[in-house]
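Mind having a look at this structure? Questions to follow.
Just so it is clear, none of the values below were taken in a lab; they were calculated from the coordinates. These numbers come from a predicted model, not from an experiment. For neighbour counting, all protein chains shown are included, and Cβ atoms are generated from backbone atoms with ideal geometry for every residue, glycine included.
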Amino acid sequence: MKLKHKIVDFWDRLILVRERIVKWFEWAIFLVLLLAFALIIYQIGFPKEIEIQTKVDGFLREVPLITMILYFVKWLLTNFIRISPKIFDRNQLPDLVFSGLLLLYIRMRLHVPILEQYWFLYLLLSVFFIVRVMREGSLFNRKGMTPSGLFVTSFVMLILVGTAMLLVPNVTSKNISFIDALFTATSAVCVTGLAVVDTSTAFTAIGKDLLLVLIQIGGLGLMTFTNFFAVLFKGGMSFRNHLILSDLIQSDKPNSLFSTLIKIIGYTFIIEVFGIILIQFTSGNSIFNGTSESWMFSIFHSISAFCNAGFSTVPNGLFNGGLRYNYNFQLVICALIILGGVGFPVVLDLYDALKSWVRSFFRWVFFKERFIFLARNINVHTRLVLTTTTILLAVGTVLYFITEYNNTLLDHPTFYGKAVQSFFGSVTPRTAGFNTVDMGGLMQGTILIYLLLMWIGASPSSTGGGIKTTTFAIAFSNIISLARGKNRVDIFKREVTSSSVARAFAVIFLSLLIIGISVFLISIFEPKQELTKIAFECFSAYSTVGLSLNLTPQLGTSSKLVLIVTMFLGRVGMFTLLFGIFKKMHSSSHQYPKENVLII
């Protein structure tokens, strides 16, 4: 056989096995980055001898070169070992970009001092590993798994990973038990804020950073991040993934899903950055040892407030003496909580309405075109959320002011201070979990108000929990309609579908059932504790609030497990869990005769 024929034959065989070789390289990249990430955790989190630390750092120094070669060879195989070679394939371009970035780092690290630091190497390799995992977000989208099942599974995985990370020795100032690590990870991922250990003293700086990452990912949802990076670095998303994610974030525009993800992440980033700046300028420097500590405080509390988490890095939380009377700082926290709790569908709807108004106004001013008024600038969901939220905040503020005027508000001599404290006391039970008062000193009436506000919670598709404002509003409207003899629910001149009404009452029933079971179990496990405190903790756990009557740290292992399950069910939603377990039933062609059942 001639040399030309041998080359052609070899090329054809290489094309046939190309996909298998490319997969080998993908696994090689993943395994190298996984090993590097594990060694970084070992370097940071575990005590070791200097000799071992030096050898591990020496190996990590070589990982960028190894990874760059693997990325580049994979890119060559994918683009050139094919019938029609391509230089710039959109789907494979990230591999070339990653290879180029690593080459730039290798060439520049001897000339730029900051690139030579080990902490920069650790950060670089960690980012590459996380991006690699995010790129493979579609691995979670197994065939046969429902969107609800994916959502629940992603939270379980994140909780387990967070638990393992919290057990690393250098993450905590003293070793914590497995149940405490599991409880803390669940509380962070579910953005609850309940704590069995003192966050300010139990965790090192690394541990607090880890909690912040869990809060941020848990607040927005792991599937949001994985699919965002899958689209960003893979160049596209399958139609099935579009449908799955549109169901998870409740978007009715699957064709513009990536732009919706960008808006969600962009909105989160912008609000949190503004929050960081405002907290930095309002918190003062009296309780901090330096500028870096002050900025870390601002970053942590901005993210924790926006995600409605309620975690704090200072002793006694916001009840700390340096923050308790800082009313401007408390108003910033309130604003972040509200902006994170209204829900992303509301934000997107308001964005579209504002963009339409600005466009029409611009064309009217500069081009003298007729100003266009849209018949429905804002949909019913947005109006219902904003109206219900405003009413709850106003009523909660007034009731708190009345019940606590001769109690906790006595510590605040000015009317402005009393008003801010009352407003803060109305905002924080809406799944935020911060407290500027001693929770054990609240009046019984205030505790009952807190139970109601915690149970209602934030709005759908937000960073908060609870049964949601729309559920409460629809159920209340249905009661009014039935009392007036109407057989339908009308809101803002629109009729609410019967399925929405039925779902609202189902959510209410399931929430009370779960909370009731939790209270029953903990009252058995903790017979010496007051029932009011137990109920408060269970309401707080289910609604992912994080407020506590100082009972949680005193609970035993069995009671902590009950609260862990309650927090998880409250975050993912019992309906979501049921949808993930049971298959959707196809509509049947037959219908049974109708018959009334006595209710009252």
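Taking amide hydrogens as modeled 1.01 Å from N in the peptide plane, which residues meet the under 5 Å criterion relative to F203, leaving out close sequence neighbours?
S173
Roughly speaking, what is the centre-to-centre gap between the stretch 46-74 and the stretch 274-322 when only Cα atoms are used, to the nearest Å?
36
Further question on the same structure: Could you check the simple spin-label distance between T291 and L452, using points 7 Å along Cα→Cβ, in nm with one decimal?
4.9
Can I ask one more? Hey, what do the phi angles of the stretch 110-119 turn into as Karplus ³J(HN,Hα) couplings, whole Hz, using 6.51/-1.76/1.60 and θ = phi - 60°, x for Gly and Pro?
7, 10, 10, x, 5, 6, 7, 6, 5, 5
When the chain is fully extended, how far beyond the present Cα-Cα distance does S523 get from F30, taking 0.36 nm per residue of separation?
172.7 nm
By its C-alpha gyration tensor, with a ≥ b ≥ c as the square roots of the eigenvalues, how is the stretch 161-214 shaped: rounded for a/c under 1.5, else prolate for a/b larger than b/c, else oblate?
Note, shape of the stretch 161-214 comes out rounded.
Can you list residues from other chains, or at least 5 along the same chain, whose modelled amide H is less than 5 Å from the amide H of I491?
Under 5 Å from the amide H of I491 lie the amide H atoms of V496, each far enough along the sequence or on another chain.
Could you work out how much longer the chain between S259 and E116 gets when fully extended? Use 0.36 nm per residue separation minus the Cα distance between them, nm to one decimal.
Once the chain is fully extended between S259 and E116, it gains 47.8 nm.
Can you tell me the FRET efficiency between N406 and V358 if r is taken as the Cβ-Cβ distance and R0 is 41 Å, rounded to the nearest 0.05?
On the way: r = 49 Å, r/R0 = 1.19.
Efficiency computed from Cβ-Cβ geometry: 0.25.
Using Cα centres only, tell me the gap between the stretch 410-484 and the stretch 171-218 in whole Å.
Using only Cα atoms, the two centres lie 25 Å from each other.
Could you give P(r) for the stretch 412-466, binned at 10 Å from zero, as whole percent values over all Cα-Cα pairs?
In whole percents, the pair-distance histogram is 23, 50, 23, 4.
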